[in-house]
Amino acid sequence: MESRLNFFGNPLAGKVLKHINSANKVIADSTLPAATQELVKIRSSQINGCGFCTDMHTKDAAHAGETPQRLHLVAAWREATVFTDAERAALELTEQGTRIADAAGGVTDEAWANAAKHYDEDQLAALVSLIAVINAYNRVNVIVQQPAGDYQPGQFG
């Protein structure tokens, strides 16, 4: 499988990615727990059908010490007992924030209030930003049909 466009090699796309990557760096350096960040990236990527990002973030999470059990259960997090209440709140916000078009009211007040019980204002800002950024990455990769499976942890720095 080949991508429709070499997005990573295109000069204009490179400029766009530079800004998205800068936003991602701010989020990565926030106090939002790194494990939570990876869970959010994985869940959004699963929902969006982004094989490239699902491959990348499951491998990065495993490389950072995430357990195979938790990685295998991200898609079924509601029924899994391996996630903290805070992680579950982040995953719910991720699902609702990723599926905005599917819900007439967007993100529910209940999902927001639950996340706000577990994260301070800066962490909430990071969480909302992360959901937006990973959705942008997912859309780029799905549109250009970026192949998945060859990613190596740390490949992009």
Which one is nearest to the chain's Cα centre (by Cα), of the residues in region 58-106 that are among the β-branched types (Val, Ile, Thr) and at pLDDT 95 or above? Thr94
Subset of region 104-145 [more than 20 Å from Lys25 (Cβ to Cβ), open to solvent by less than 40 Å² (accessible area, probe 1.4 Å) and not in a helix (DSSP H, G or I)]: Gly106, Val144
When (1) at pLDDT 95 or above; (2) over 20 Å from Gln155 (Cα atoms); (3) surrounded by fewer than 17 Cβ atoms within 10 Å (Cβ to Cβ) are applied to His19, the one that fails is (2)
Could you give me the residue pairs with C-beta distances under 7 Å whose first residue belongs to region 47-62 and is closer than 13 Å to Val74 by Cα, whose second residue is open to solvent by less than 40 Å² (accessible area, probe 1.4 Å) and of a type in the set (Val, Ile, Thr) wherever it lies, and which are 6+ apart or on separate chains? Ile47/Thr98; Thr54/Ile42; His57/Ile42; Thr58/Ile42; Ala61/Ile42
Got a number for residues in region 23-51 being part of a helix (DSSP H, G or I), open to solvent by 20 Å² or more (accessible area, probe 1.4 Å) and over 22 Å from Asp120 (Cα atoms)? 4
Can you name every residue in region 85-115 that is in contact (Cβ under 8 Å) with a residue 12 or more places away in the chain and over 17 Å from Ser45 (Cα atoms)? Asp85, Ala86, Ala89, Val107, Thr108, Ala111, Trp112, Asn114, Ala115
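The values are calculated or read from the model by the stated rules, or taken from the named source; none is laboratory data. Values in this document were obtained by computation on a predicted structure and should not be read as measured data. Heads up, the Cβs are rebuilt from the backbone with ideal geometry, glycines too, and the neighbour counts pull from every protein chain shown. Each accessible area value is taken on the protein alone, full model and side chains, heavy atoms only, with ligands, DNA and RNA left out. Shrake-Rupley method; radii C 1.70, N 1.55, O 1.52, S 1.80 Å.
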